[in-house]
Structures are given as structure tokens and as C-alpha cells.
Amino acid sequence: VIAALQPKVLKNRRILITAGPTFEPIDPVRGITNRSSGKMGYAIARAAREAGASVTLISGPTALDTPYHVNRVDVMTAIEMRDAVMSHISHQDIFISVAAVADWRVANASDQKIKKNKNGDTPTLEFTENPDILASIAALPDPPYCVGFAAESEKLRQHAEEKRRKKGIPLLVGNIGHETFGKDDNTLILFDDTGTLELPHGSKQLLARQLIEQIAKRL
Ligand code: CTP
Ligand code: CA
């Protein structure tokens, strides 16, 4: 009811959001993933839709329902997520990279299920780095307004500001990894070239609405 009374700050805007973890196979039945639940990205997709935007959500594997009137595209791996983002990026006004994209994939993934060895030998995994989706979108000739997320375990302010500069994005949202993964609430710190703004502890849905307002102001 309250949301319906708010001005639609993203009316006629197109927004692309990634959310959730990625899953990198080891073999057909096993893989490597992380503790992202997708809750923050889905909350932002919902808030953006409430704010009048046309929303596409590229999602890694999550247990969440698709937000009302959001166009959801499911992917598993970082490479699939990169391809889905690339194929949806044209004509977007805003890109929010909330997904916890796996930094590495298994280079020697097996086509068949790896069997236990009789002598107790264990398999050795080799890794290769995944493409940085956000950095590649930010480097496009005419990029949408790009927003990144950073979950850190220490030195949040330092790491977040460094990350924002390195990726060449106008806005980065920082949070503490163990305080967000799987939780329904969080605290966010926004970093842009004017400094920082803390969005105090609250539900992810409330924080998502506040973040959308902050993004709309900066467009
Ligand atoms: N990201 C991405 N593609 C990747 C890795 C990260 O698009 N392959 C995006 C995330 O969605 C997030 C931002 O980059 O918006 C920061 O992710 P993060 O994991 O905090 O940073 P990294 O650059 O991967 O550095 P590190 O994990 O070493 O801290
Ligand atoms: Ca990373």
C-alpha cells in the first residue's frame, strides 16, 4: 500500500540484475558453489519493479520465487551468467551485479561421475579464473549505470573503495560476508565518488527500496 503511494522513481527505466551464487561443475553430480541465497538480488528486483522499472533478473540456482512481473532467466555457471548478461545488456539503463559469481571454475571437470579410488587416492582439481562480468559491462563503450556489490570479511571500507575504482563503476555497495549470506536483514555501505553513505541495519527488502532510491537519484 505504502509502495503504491510512492512516486515511481524508475518509471520507463530498464534494469538488469544478477543474483544468487553460481555453480561450477566438478562432474555431472558434483560442483562448487557458495553461500549466497539470492535474497538481496531478488529484493532489489522486487523494489525496482515496484519503482516502475522493467526488470530482468539473471539468477544462479536459488530456492526463491520469481518476484511479481520480473523477467527471470536461470543460469548455473559463471560463463552462462556472463552469456545471459551479454545477450540482455543492450538498451538497459542500469546494471546491478548482486550475484556472488564464482571466481574460478574447474578446468579439469569430468564428463562422467568421478569414482572413488580403491587405494583411497583423491582427485586433484585444477582451476581457471572466470570472466569478471561486472568489469566487462562497465568497460563497454556506452555502459548502463553500473552498480557492484562487495561482500568482504575484513577492511570493508578499504577493499570496497579499491574494488569500485578497479572495476570502473560509479557505485559499489559493501557489506560484511558473514552478516549477509542467507540472512533476511543486513547493513549496507554505499561507496561513490563523493564518499560513503551507510544504510543502517534493516530487512533486505527495506534496504533494497532505499538502494533503488539512491540509484534513481544518481542517474
Ligand atoms: N563479479 C562479477 N564477475 C565475477 C566476479 C565478481 O560480475 N567473476 C561482480 C560481483 O557480482 C560484484 C562485484 O563483482 O558485484 C564484486 O565481487 P567480489 O567477489 O566482491 O569481487 P572480486 O572482484 O571477485 O574480488 P574478490 O572476490 O577477490 O574480493
Ligand atoms: Ca569474487
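For L125 and H69, the FRET efficiency from 1/(1 + (r/R0)^6), where r spans their Cβ atoms and R0 equals 35 Å, is about 0.30. The distance between label points at K183 and N108 comes to 3.9 nm (points 7 Å beyond Cα on the Cα→Cβ vector). Taking every DSSP helix (H) stretch of at least 4 residues in the chain, weighting each as -39,500 (n - 2.57) and dividing the sum by the residue count yields a mean residue ellipticity at 222 nm of -8500 deg cm²/dmol.
Anisotropy class assigned to the range 132-219 is prolate, per the alpha carbon gyration tensor with a/c at or over the 1.5 cut-off and a/b larger than b/c. Charge dipole (Cα centre; +1 on Lys/Arg Cβ, -1 on Asp/Glu Cβ; no other charges) of the range 77-132 amounts to roughly 480 debye. Taking packing as the residue-averaged number of other Cβ atoms within 10 angstrom, the listed peptides 140-149, 125-134 run from highest to lowest as 140-149, 125-134.
If you sort the three axes of the alpha carbon gyration tensor as a ≥ b ≥ c, you get a/c of 1.5 or more for the chain and a/b above b/c, which makes it prolate. The chymotrypsin sites (Phe, Trp or Tyr not before Pro) of the range 67-120 that meet both conditions, a loop assignment by DSSP and at most 12 other Cβ atoms within 10 Å of the site Cβ, are Y68.
Each of A78, Q210, A102 was scored by the projection of its Cα onto the charge dipole of the chain, and the greatest displacement toward the positive side belongs to Q210; charges sit on the C-beta of Lys, Arg, Asp and Glu. Computed extension gain for A135 through D27, at 0.36 nm per residue and net of the alpha carbon distance, reaches 36.0 nm.
Each value in this text was obtained by applying a stated rule to the coordinates, not by laboratory testing. Model, not experiment: these values are computed from the prediction. All Cβ positions, even for glycine, are placed from backbone atoms using ideal geometry, and neighbour counts span all protein chains on display.
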